[in-house]
Amino acid sequence: MTRRGLLIILSSPSGAGKSTLARRLRDWDADILFSVSATTRAARPGETDGQDYHFVDEAGFKRMVHERRMLEHAHVFGHFYGSPLRPVEEAIAKGCDVLFDIDWQGAQQIQKSTLSSNVLSIFLLPPSIAELRHRLETRGQDSAEVIDKRMNRSWDEISHWDGYDYVLVNDDLDATEEKLKTIVTAERLRATQQPGLVEHVRHLQSEFEAQ
């Protein structure tokens, strides 16, 4: 293994662009694995079980939490969401990055988990609240009532911006994408992410002493 995998967390209020940027990040590097969340909500048109989400009933979800098979979980807009632990552990052990499209509650749980040393957390801010509402209204996924609920929740989500390693204002999607790629590239080179460095330095030292 040349490096340890990263747990790349993307968070933002609804409509700030995290799902689009998560998709672009995986298009840039197909080896980045997406953590498919489990949820108790119903599938939306076009969503596939096991690909977009693992759709489970509430009893099954709570059983996974009780058995500590969730890396993180939260209750959002009347439904449970969570990240199954085992696939993440297996990916990290192989040196693969895992991408999480989650809220601040889930991010905090992962940051406090046994995998915390592998975390790279990034928060996306909208350019304005007016633009945030505009994006929610134009994407055509939610009713006016749901949009209002998301907007009411947005400030609470934004207030946790300072709990992340990096914060980006997503005022230009292409520019934000490039910044995101730069961050991931740099973080992969952290000394703590390269387990082979210690052995390499020891080899250099032995060469030096043999002169």
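Bear in mind these aren't lab numbers, they're just calculated from the coordinates by the rules spelled out. Just so it is clear, the structure is predicted and the values come from calculations on it, not from any experiment. Heads up, the Cβs are rebuilt from the backbone with ideal geometry, glycines too, and the neighbour counts pull from every protein chain shown.
Over the C-alpha trace of the stretch 38-125, radius of gyration and Dmax come out as 13.2, 37 angstrom. If you plug the beta carbon distance of ARG23 and LEU197 into 1/(1 + (r/R0)^6) with R0 = 35 Å, you get a FRET efficiency near 0.60. Highest average first, the peptides 3-10, 18-25 ordered by how many other beta carbon atoms sit within 10 Å of their residues are 3-10, 18-25. Fully extending the segment from ARG190 to VAL146, taken as 0.36 nm per residue of separation minus the present Cα-Cα distance, adds 11.7 nm. The label-point distance for VAL65 and ASP172, in a model that sets each label 7 Å from Cα toward Cβ, rounds to 4.2 nm. From the coordinates of this entry, P(r) over Cα pairs in 10 Å bins from 0, in percent is computed, and it appears in (i) 7, 29, 35, 21, 7, 1; (ii) 8, 31, 35, 17, 5, 3, 1, 0; (iii) 8, 36, 38, 16, 2 under the label (ii). Computing Rg and the Kirkwood Rh from the Cα coordinates of the stretch 87-127 gives a ratio, Rg/Rh, of 1.00. Using C-alpha pairs below 8 Å separated by at least 6 residues, the relative contact order for the chain is 32 percent. Using the Karplus relation 6.51 cos²θ - 1.76 cosθ + 1.60 with θ = phi - 60°, the per-residue 3J(HN,Hα) values for the stretch 133-147 come to 5, 4, 5, 5, 6, 7, 6, x, 9, 10, 6, 4, 5, 5, 4 Hz, with x marking Gly and Pro.
Judged by the gyration tensor of its Cα atoms, with axes a ≥ b ≥ c, the stretch 124-205 is prolate; a/c meets the 1.5 cut and a/b is the larger of a/b and b/c.
Residue separation of THR138 and ASP156 scaled by 0.36 nm, minus their Cα-Cα distance, works out to 4.2 nm of gained length.
Once the C-beta distance of PHE77 and ALA43 is scaled by a Förster radius of 25 Å, the resulting FRET efficiency is 0.95 to the nearest 0.05. The listed peptides 107-113, 187-193, ordered by packing as a protection proxy, come out as 107-113, 187-193 (highest mean of other Cβ atoms within 10 Å first).
Only lysine pairs 8 or more places apart, or on different chains, with alpha-carbon atoms under 27 angstrom apart are counted in the chain, and they number 13. Enter the Cα centre distance for the pair the stretch 1-43 and the stretch 146-190, rounded to the nearest angstrom. The stretch 1-43 and the stretch 146-190 have Cα centres spaced 12 Å from each other. Cβ crowding within 10 Å ranks HIS200, HIS54, HIS79, HIS73 as HIS200, HIS79, HIS54, HIS73, fewest other Cβ atoms first.
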